[in-house]
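Q: Please see the structure below; I have some questions.
Rule-based calculations on the coordinates, nothing more; no lab input. All figures in this text were calculated on a predicted structure; none of them were measured in a lab. Cβ sites come from the backbone with ideal geometry, for glycine too, and all protein chains shown count toward neighbours.
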Amino acid sequence: MYKALIIGAGSIGGLIDSPTSKTVASHAHAYKKHPDTQLYAICEPSELNVFAFMERWGEVHHYGSIDEISTDELYDIVSISSPTKSHFYDLITLLKRSDSSMILCEKPLVATQEELSSLSTLLMHSDKKILVHFVRRYNSAFINLAERIQKGEFGKSLGFQGVCTKGLLHNGSHMIAVLSHFLGNVTSIKPFRASFCHDDLCGDFGISLERGDGAISVLSHPPYSLFEITFWFETGVIKILDGGDKIEIYSRVPSTYEGYFSLALQESMTTNLSNYAYDSVEFLLRKSKETCKNILSEHFHIHKMIFQTLAKVYP
């Protein structure tokens, strides 16, 4: 059994779902459900959150801050679900410890470009397995679809259009992580009509990647969550719908008009994305250090490109 520690026992740490939820959305639920992990401790300064957490998930060891964890108290796997402004200190502290060989950090990885730059060498040279919690990256349906795209099943990318909410860094980074998984590293992000919102950027953005170009829109204040992407390829169209819960694949078929083609739905799949926290823990446990390091490098680059875009709009 791997001993698990959660830093930040609020919403995503343990209060977004419960043991009876059909979804596995919190880190606590993932550690409780996974057969190879034991939820052993939380690090949380709010007594109200601690009470709510333990009432929901049972008694666990409690620290008020990460500095209270002695070097004799050892944990195998750690989730960082504290506020973003605390991530840098939490990561630096864990990287210096002899334990915590596996770390799953909520996005954004850190709050500023300066923090990201300071972490670069430490993260890339660490022998720990570290992943940013871009949930669709660890879902088997998305992994299989990325492999099909990269093998050329759908031909060359002709473009894409995505729409999401909650800012370019906080939710747009999830979308860019999917784009990067499917079409290679981000080469540029160009803001159009970008404006400040939620301590972040909203608006329209041109995104260029190694194997394709397109655009995403980040809406500022809709009264609902939204995450959808349409990809156009030479032989068809892929639609990511309902936040990623559903994927539709359309293939090119002859039209009723001679010499023309239209699209027909050929494949529809549900991704079981609602169990994303469990999928992420399973991925971190099973995949090699090399695989995790490659993904971390990709996601580190996404953060770098987004911070550079923020600096362009608000230097």
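Q: Please give me, ordered by residue number, the trypsin sites (Lys or Arg not before Pro) of region 65-102 that lie in loop per DSSP and have at most 16 other Cβ atoms within 10 Å.
A: Answer by residue number: Arg97.
Q: Cut-off 10 angstrom, C-alpha nodes, Gaussian network model of the chain. Which of Ser120, Ser100, Ser86 fluctuates the most?
A: Evaluated over the chain, the most mobile residue of the options is Ser120.
Q: Let me ask you something else. Once fully extended, how much extra length lies between Phe51 and Ser188, figured as 0.36 nm per residue of separation less the alpha-carbon to alpha-carbon distance?
A: This chain segment gains 44.8 nm when fully extended.
Q: Among the lysines, which have Cα under 24 Å from the Cα of Lys156 when same-chain residues fewer than 8 positions away are ignored?
A: Of all the lysines, those that pass the test against Lys156 - Cα under 24 Å, at least 8 places apart if same chain - are Lys190, Lys239, Lys246.
Q: Another question, then. Diagonalise the Cα gyration tensor of the chain and give the resulting equivalent ellipsoid semi-axes, square root of 5 times each eigenvalue, largest first, whole Å.
A: Each semi-axis is √(5λ); the values are 35, 22, 18 Å.
Q: At Glu290 and Thr71, where each label point lies 7 Å from the Cα along Cα→Cβ, what is the point-to-point distance in nanometres?
A: 3.3
Q: Just going by the charge dipole of the chain, with Lys and Arg at +1 and Asp and Glu at -1 on Cβ, which of Tyr89, Ile42, Ile240 is farthest out on the positive end?
A: Value computed over the given set: Ile240.
Q: Just to be sure I understand: of the beta bridges DSSP finds with both ends in the chain, what percent are antiparallel, rounded to 5?
A: So the antiparallel bridges in the chain amount to around 60 percent.
Q: For a quick check, take a GNM of the chain with Cα springs below 10 Å and name the residue from Cys43, Cys197, Cys105 with the largest mean-square fluctuation.
A: The residue with the greatest mean-square fluctuation here is Cys197.
Q: Across 5 Å bins from the origin, how do the percents of Cα pairs in region 1-123 run, short distances first?
A: Final binned percentages: 2, 11, 23, 24, 20, 12, 5, 2, 0.
Q: On a full-extension model of 0.36 nm per residue, what is the gain between Val313 and Leu219, subtracting their alpha-carbon distance, rounded to one decimal in nm?
A: Gain on stretching Val313 to Leu219: 32.2 nm.
Q: With each run of n ≥ 4 DSSP H residues scored as -39500 (n - 2.57), what mean residue ellipticity at 222 nm is computed for the chain after dividing by its residue count and rounding to the nearest 500 deg cm²/dmol?
A: -10000 deg cm²/dmol
Q: In terms of the Cα gyration tensor, with a ≥ b ≥ c the square roots of its eigenvalues, is region 91-144 rounded because a/c is under 1.5, prolate because a/b exceeds b/c, or oblate?
A: Because a/c hits 1.5 or more and a/b fails to exceed b/c, region 91-144 counts as oblate.
Q: Here's something else I'd like to know. Give the longest segment of the chain that steers clear of chymotrypsin sites (Phe, Trp or Tyr not before Pro) in DSSP loops with at most 16 neighbouring Cβ atoms within 10 Å, not counting the sites themselves.
A: Answer - 1-223.
Q: Here's another thing I want to ask about it. For the chain, set up a Gaussian network in which alpha carbons nearer than 10 Å are linked by springs, and say which option among Gly64, Gly14, Gly162 fluctuates the most.
A: Of the options given, Gly64 has the highest mean-square fluctuation.
Q: Tell me, which longest segment in the chain has none of the GluC sites (Glu not before Pro) that fall in DSSP loops with at most 11 further Cβ atoms within 10 Å?
A: 60-209
Q: For the pair Leu263/Leu158, report the inter-label distance in nm, with labels modelled 7 Å from Cα in the Cβ direction.
A: 0.8
Q: Starting from region 100-189, pick out the trypsin sites (Lys or Arg not before Pro) whose DSSP state is loop and whose Cβ has at most 13 other Cβ atoms within 10 Å.
A: Lys151, Lys156
Q: List the residues of region 212-238 whose backbone N lies under 14 Å from a point placed 7 Å from the Cα of Val253 along the Cα-to-Cβ direction.
A: 236-237
Q: Using Stokes-Einstein with the Kirkwood hydrodynamic radius over Cα pairs, what translational diffusion coefficient do you get for region 140-271 at 20 °C and a viscosity of 1.002 mPa s, in µm²/s rounded to a whole number?
A: For these conditions, the coefficient is 139 µm²/s.
Q: Another question about this same structure. Compute the label zone of Ser208 within region 149-166: residues whose backbone N is under 20 Å from the point 7 Å along Cα-to-Cβ.
A: Label zone hits: 156-162.
Q: If you take the beta carbon distance between Ser140 and Thr235 as r and set R0 to 22 Å, what does 1/(1 + (r/R0)^6) give as a FRET efficiency, to the nearest 0.05?
A: The formula returns an efficiency of 0.40 here.
Q: So what are the ³J(HN,Hα) numbers for region 166-182, from phi and the Karplus equation (6.51, -1.76, 1.60; θ = phi - 60°), rounded to whole Hz, Gly and Pro as x?
A: Using θ = phi - 60°, the values come out as 6, x, 5, 6, 7, 10, x, 4, 4, 5, 5, 5, 5, 4, 5, 4, 7 Hz.
Q: Among all cysteines in the chain, which have no other cysteine Cβ under 4.7 Å from their own Cβ?
A: Flagged as lacking a Cys partner: Cys43, Cys105, Cys164, Cys292.
Q: Pulled fully out, how much extra length does the chain show between Leu15 and Phe196, if you take 0.36 nm times their separation in residues and subtract their Cα-Cα distance?
A: 62.2 nm
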